[in-house]
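Following: one structure in structure tokens, then a few remarks.
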Amino acid sequence: MSYTRKLTAIMFTDIVGYTKIMRSDEQKAMNLLYYNRKLIEPLIKKHKGQILKEIGDGTLNSFPSAIEAVRCAIKIQEVLSEIPALNLRIGIHIGDVIQERDDIFGDGVNVASRIESLSEPGQICISQVVFESIQSQSDLGAKSIGKHTLKGIEEPQELYTIIFKESTTDSTKPETTVQKKSVHIFNPKLLTSWVGGTFLAIYLLFQAVGFFSKMDVISTENSIAVFPFDNIRNNEEHNWLSDQFSESLTFKLSQSKTFKVIDRLQVIKALQKYEPDQAGFMEVAPLIGKNINASLVLVGSFATVGNDILVTTKLIDAQTGEVTPIVQERYSMDDPLTILEDISNKVFEKLEHLEKRETP
């Protein structure tokens with residue numbers, strides 16, 4: 001048996017609360033597992049890393065340097081912060097390991113695994129040696145979380161958590177420190193610095209032509225995207241209803257003075273990129289919603305049983321991931337066009353009612 005021994009940067013990832021999710025919703029758990037792999041694999045490759053194995057809902061990864069491992073971990077957490085249902089813990093260590101083909105063994109692997117378990121959800125925990133390795137990088141920062149006793153190691157080890165910083169076009173410049181969870185929070189100062197001048201110019205133009213006096217301004221907070229409906233039983237005979245429900249609802253909501261409806265073509269293109277059929281509509285909705293500037297995402301599903309059809313719709317807040325049930329109805333399949341019209345009207349009325357109730 002041939003093997004090599006070398007010093008390697010090791011990164012462990014783990015999905016927070018996965019066991020609980022699996023117990024309550026097995027399909028959602030499998031969707032999250034698929035989508036987690038789909039998102040992190042290209043990021044790991046981009047940073048010259050390698051996924052060595054999947055351990056339950058976690059992954060064991062190796063990198064040629066601690067700097068690449070930390071940069072990759074930061075990018076992973078930034079991307080996954082867009083998906084409230086998918087939250088990771090990450091631990092990174094540098095250690096002497098034994099590599100056999102596409103697997104590694106040794107104390108370095110064990111230490112990295114134990115460091116990962118001490119990481120807070122959505123955060124990255126690193127060892128002292130990793131901290132020392134990134135000190136020369138002005139855009140990478142970490143703070144101590146004190147000494148911890150790790151199983152199998154006699155002396156308590158100083159551990160650190162990575163400080164997340166706002167993105168800049170030049171990654172070599174120092175950046176302002178922020179907490180990672182603030183990714184989900186609207187930042188008015190940042191937005192003002194980006195587009196304040198543009199908004200002012202538009203405002204003055206509209207004032208000049210008296211535009212604002214003649215229209216009701218729809219807040220971007222009410223932009224909504226309608227997803228194709230999920231055919232739960234995969235009954236091919238009724239696949240056509242998936243797009244028909246979406247098309248009918250998009251048309252109906254376009255009549256609203258409350259909501260700004262995202263174009264269906266834009267929604268479809270975004271869906272093709274993120275493969276919701278595999279990853280699950282509920283899991284990808286917040287991410288896609290943000291990417292197409294939709295603050296709200298309407299998702300639906302239907303299941304046919306004999307000559308009956310059960311239709312369910314839910315509203316997802318793209319910023320928080322909060323899910324609000326909208327309409328659930330059971331119909332006879334004798335008149336599909338009437339079903340489409342009735343569901344569209346009921347969803348429209350419910351959404352209008354919700355918006356009026358929540359508006360101060």
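Each reported figure results from applying straightforward, stated rules to the coordinates on display, with no laboratory input. Because the structure is a prediction, the values reported are computed rather than measured. Because the Cβ atoms are built from the backbone with ideal geometry, glycine has one as well, and the counts that use them run over all protein chains shown.
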* For region 87-92, Karplus couplings with θ = phi - 60° (6.51, -1.76, 1.60), whole Hz, Gly/Pro x -> 10, 10, 9, 9, x, 10
* Structure fact -> log10 I(q)/I(0) for region 89-132, Debye formula on C-alpha points only (no solvent), q = 0.13, 0.18 Å⁻¹, two decimals, reads -0.29, -0.52
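Would you mind ranking 238, 353 so that the residue whose beta carbon has the fewest other beta carbons within 10 Å leads the list?
On the way: 238 17, 353 10.
Ranking 238, 353 by Cβ neighbours within 10 Å, fewest first, gives 353, 238.
Note down the Stokes-Einstein diffusion coefficient of region 62-117 in µm²/s, whole number, using a Kirkwood radius over alpha carbon pairs, 4 °C, and 1.567 mPa s.
For the chosen part, D equals 104 µm²/s.
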* Sparse-neighbourhood loop sites, GluC sites (Glu not before Pro) in region 127-162 - DSSP loop, at most 15 other Cβ within 10 angstrom -> 154
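Starting from region 57-146, pick out the trypsin sites (Lys or Arg not before Pro) whose DSSP state is loop and whose Cβ has at most 13 other Cβ atoms within 10 Å. Walk me through the intermediate numbers first.
Numbers: sites: 71, 75, 89, 101, 114, 143; in loops: 101.
Listed in order of number, the matching sites are 101.
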* Asked: In what sequence do 155, 352, 82 fall when counting other Cβ within 10 Å, fewest first?
  -> 155, 352, 82
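Reported to two decimal places, what Rg/Rh ratio describes region 13-115 when computed on Cα atoms with Rh from the Kirkwood expression?
Numbers: Rg = 13.7 Å, Rh = 14.2 Å.
Over the Cα atoms of region 13-115, Rg/Rh equals 0.97.
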* Asked: Long-range amide H contacts for residue 262: which residues qualify at under 5 Å (H placed 1.01 Å from N, peptide plane, sequence gap of 5 or more or a different chain)?
  -> 224, 225, 226
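Hey, could you get me the Stokes-Einstein D for region 220-358, Kirkwood radius over alpha-carbon pairs, 10 °C and 1.306 mPa s, rounded to whole µm² s⁻¹?
Working: Rh = 15.0 Å.
Once the numbers are plugged in, D ends up at 106 µm²/s.
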* Asked: Applying the Karplus parametrisation 6.51 cos²θ - 1.76 cosθ + 1.60 with θ = phi - 60° to the phi angles of region 243-260, what ³J(HN,Hα) value in whole Hz is obtained for each residue in order, glycine and proline being reported as x?
  -> 6, 5, 4, 5, 5, 5, 5, 4, 5, 5, 5, 5, 7, 6, 8, 9, 10, 9
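Given the peptides 29-35, 259-265, arrange them by the average over their residues of other C-beta atoms within 10 Å, most packed first.
Descending mean neighbour count gives 29-35, 259-265.
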* Structure fact -> Rounded to the nearest whole number, the Stokes-Einstein translational diffusion coefficient of region 4-183 at 20 °C and 1.002 mPa s (Kirkwood radius, C-alpha pairs) in µm²/s is 130
* Nonlocal amide H pairs with residue 318, under 5 Å, H built at 1.01 Å -> 296, 297
